[in-house]
């Protein structure tokens, strides 16, 4: 279970102080797929980075299981991160390493032996259906393949939680769909807790069970995804839904359904 | 071509290559860690140490702002302390390597700063230590750029050795001054220039070749 209690964070910028997170409270149950949506600058990225300690909140506590992320020293934090996978919009693969070596990275730094690494990497590459690409370099891969490597790398250490930072925002719709399928599949098979931040409504609708809506650094709405979509209260969520529907209603021409 | 010319140029080239190779190795051993330190200790780096960063930065700028010939003279007492003399190739090596290390440090710093922050953040999110990030992410990711930078530094060191020749270091620089300039031996002067051009060209070609080879392996085409 992930518990975020009264978390606030302020950044000092050249133009003054910016309060990016204001008194955030949320809970993510084990095995849930949890969504965080908001427009650009709402604080989504900062919030998800607080969950694995890449950002340190000014106030408040964050618990992942029994582990109080906000109280750990550097070394303890590094060890906790080994059990929190993260995937990124820009994939952030290492160009100097093959697919195999990218996935092996988290295992290398956890001190696994070579044959154990080989066994685990091959197993996980099979899960993301990239076994035949293991000797390729990231620059040879398509966006979807890169994100599969990202997912494999994030899962190599058998984490309890997977954080997804706009992981499908740089992908085309078809690839987005296959990546979300993969995430859902992994969630089911490994009972892995997944936290997804996104600005794409369809991503939330497709795979999350619960969600929060972030606006200007605070949570304006939270609950079951289906309920929120049926009865949106916050301006932000209404706006998101209206924009998406507006695109559908005001199409220049109709057709294309059911393809 | 007279045989004394060949002999002079041959010895000069040997001395120059000796100085360049040893100085480059020492400058590399000093410059790379300092360059890494500059990057990781910077604000927003993986191991911020702002005071250390500032002091190292100032020392580098002071050394780099001095003309090479003056730097050699200033470092002569240190050379005497380490190799026991202020004359000859070994004394020059001390001055040249310490004088070139700051350039190399800045070049390494530049290369490492080109590595996308996202990659470093990804390594941090996996629980990598700063040392692991340096060894497994920063240096390998920046390798082609580092190779090109080292090429520039070595060529700078060749120029440095020629200047050191003016104050008794030997090598092609000293040959050009003692024979070409002071004794009006134009053939020696032209000979040294041709050899220096050939050496610099070869090093540039080798450096480019290695950098391209690494990029090609990674499917990064230029």
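FYI, it's all coordinate maths here, none of it is from the lab. Please read these numbers as outputs of a predicted model, since none were measured by experiment. Backbone-built Cβ (ideal geometry, glycine too); neighbour counts: all protein chains shown.
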- Message: Given a 10 angstrom Cα cut-off, can you work out which residue in B:108, B:21, B:94 is the most mobile in a GNM of chain B?
- Response: B:21
- Message: Given a Förster distance of 35 Å, report the FRET efficiency between residue A:15 and residue A:227 from their Cβ-Cβ distance, rounded to the nearest 0.05.
- Response: 0.35
- Query: So how many Å³ per residue does the convex hull of the Cα atoms of the protein assembly as shown work out to?
  - Reply: 217
- Determine, from the Cβ-Cβ distance of residue A:216 and residue B:204 and an R0 of 51 Å, the FRET efficiency 1/(1 + (r/R0)^6), rounded to the nearest 0.05. 0.40
- Packing-based exposure ordering (other Cβ within 10 Å, fewest first) of A:172, A:202: A:172, A:202
- Query: What residue among B:206, B:98, B:72 has the largest mean-square fluctuation in a Gaussian network model of chain B, using Cα springs under 10 Å?
  - Reply: B:206
- Message: Of the candidates A:94, A:247, A:229, which one comes out as most mobile in a Gaussian network treatment of chain A with C-alpha springs shorter than 10 Å?
- Response: A:247
- Message: Can you give me the Rg/Rh ratio for chain A, using Cα atoms for both radii and the Kirkwood formula for Rh?
- Response: 0.98
- Message: With an 8 Å Cα cut-off and a minimum separation of 6 or more residues, compute the relative contact order for segment A:1-101 in percent.
- Response: 27
- Item | Label-point separation in nm, residue B:66 to residue A:169, each point 7 Å along Cα→Cβ | 5.0
- Item | segment B:18-169: relative contact order as a whole-number percent, Cα under 8 Å and 6+ apart | 33
- Query: Hey, could you pull the Cα Rg and Dmax for segment B:99-222, both in Å?
  - Reply: 19.9, 66
- Item | chain B: angle of helix B:68-83 to the longest principal axis, Cα-based, in degrees nearest 10 | 90
- In terms of the Cα gyration tensor, with a ≥ b ≥ c the square roots of its eigenvalues, is chain B rounded because a/c is under 1.5, prolate because a/b exceeds b/c, or oblate? oblate
- Starting at 0 and stepping by 10 Å, how many percent of the alpha carbon pairs of segment A:148-249 end up in each bin? 13, 45, 32, 10, 0
- Please average, across the residues of B:116-124, the number of beta carbons from any other chain that are within 10 Å of each residue's own beta carbon, and give a whole number. 6
- Sorted by Cβ density within 10 Å, fewest first, the residues A:161, A:18, A:213: A:18, A:161, A:213
- Item | segment B:34-165: C-alpha pair distances exceeding 19 Å, % | 56
- If R0 is 45 Å, what FRET efficiency do you get for residue A:177 and residue B:186 from their C-beta distance, rounded to 0.05? 0.05
- Item | Cβ-based exposure ranking for A:50, A:207, in which fewest neighbours within 10 Å come first | A:207, A:50
- Query: Between residue A:72 and residue A:23, what is the label-to-label distance in nm when each label sits 7 Å out along the Cα-to-Cβ direction?
  - Reply: 2.9
- Among beta bridges that DSSP assigns inside the protein assembly as shown, antiparallel share in %, nearest 5: 55
- In degrees, nearest 10, the alpha-carbon axis of helix B:3-40 is tilted away from the dominant principal axis of the alpha carbons of chain B by 20
- Message: Please report the antiparallel percentage of DSSP beta bridges with both residues in chain A, rounded to the nearest 5.
- Response: 55
- Message: On C-alpha positions alone, give me the angle between the axis of helix B:50-65 and the longest principal axis of chain B, in degrees, nearest 10.
- Response: 20
- Mean separation of Cα contacts under 8 Å (at least 6 apart) over the residue count of chain A, i.e. the relative contact order in percent, is 25
- Message: Please compute the alpha carbon radius of gyration of segment A:12-108, then divide it by the globular-protein estimate 2.2 N^0.38 Å. Two decimals is fine.
- Response: 1.25
- Query: What's the extension gain from residue A:30 to residue A:113 if we count 0.36 nm per residue and subtract their Cα-Cα distance?
  - Reply: 26.9 nm
- chain B - mean residue ellipticity at 222 nm from DSSP helices (-39,500 (n - 2.57) per run, n ≥ 4, rounded to 500): -26500 deg cm²/dmol
